[in-house]
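Only one structure is covered here, and it is reproduced in the block below.
The values are calculated or read from the model by the stated rules, or taken from the named source; none is laboratory data. These figures come from a predicted structure and were not determined experimentally. Positions of Cβ are generated from backbone atoms using ideal geometry, with glycine treated the same way; all protein chains shown enter the neighbour counts.
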Amino acid sequence: MINKNIIKIRKKLDKLDNSLLNIIKKRIILVDQVLKNKKYKKDIVDRQRIKIILRNISKKSKKKKIDVTITKRIWKSMISTFIDYEFRKFKKK
């Protein structure tokens, strides 16, 4: 038996996923702009900035009553993925 409520919720999730894809595309464009301003590969990873970002995400998550473990894992994954992206793109310069 198909649960109609689940189908409705999944449609909303699909719509939200599409919005997230648009946001990721915008983020890629901004990361590309930052990458153009980096002269050396060693400039790609900024550990201090990563700490600040994760600390801010934790604070904002708590304030918005979002599970901090979820947001920190998402951001760590995103940071790691974009660092990898920058290294791949940097080689092609």
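Counting only residues that are outside any helix (DSSP H, G or I) and either β-branched (Val, Ile, Thr) or touching an Asp or Glu at 6+ places or on another chain (Cβ under 9 Å) (or both), how many does the range 1-36 have?
Count: 1.
Conditions tested, residue by residue: (1) in contact with a strand residue (DSSP E or B) (Cβ under 6 Å, 6 or more places away or on another chain); (2) loosely packed, with under 10 Cβ neighbours inside 10 Å; (3) within 13 Å of PHE82 (Cβ to Cβ).
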{"residue": "ASN5", "(1), (2), (3)": "no, yes, no"}
{"residue": "LYS11", "(1), (2), (3)": "no, no, no"}
{"residue": "ASP32", "(1), (2), (3)": "no, no, yes"}
{"residue": "LYS39", "(1), (2), (3)": "no, yes, no"}
{"residue": "ILE50", "(1), (2), (3)": "no, no, yes"}
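Quick check, is LYS72 within 11 Å of the chain's Cα centre (by Cα) and farther than 19 Å from ILE29 by Cβ?
Criteria met by LYS72.
Please find, among ILE2, ILE23, ILE28, ILE50, the residue that is at pLDDT below 95 and β-branched (Val, Ile, Thr).
ILE2
Is it true that some residue in the range 69-79 is surrounded by 15 or more Cβ atoms within 10 Å (Cβ to Cβ) and touching a residue at least 40 places away in the same chain (Cβ under 8 Å)?
No.
Quick one: LYS59 ticks every box in (1) in a helix (DSSP H, G or I); (2) in contact (Cβ under 8 Å) with a residue 24 or more places away in the chain bar one, so which box is it?
If we test LYS59 against (1) in a helix (DSSP H, G or I); (2) in contact (Cβ under 8 Å) with a residue 24 or more places away in the chain, just (2) comes out false.
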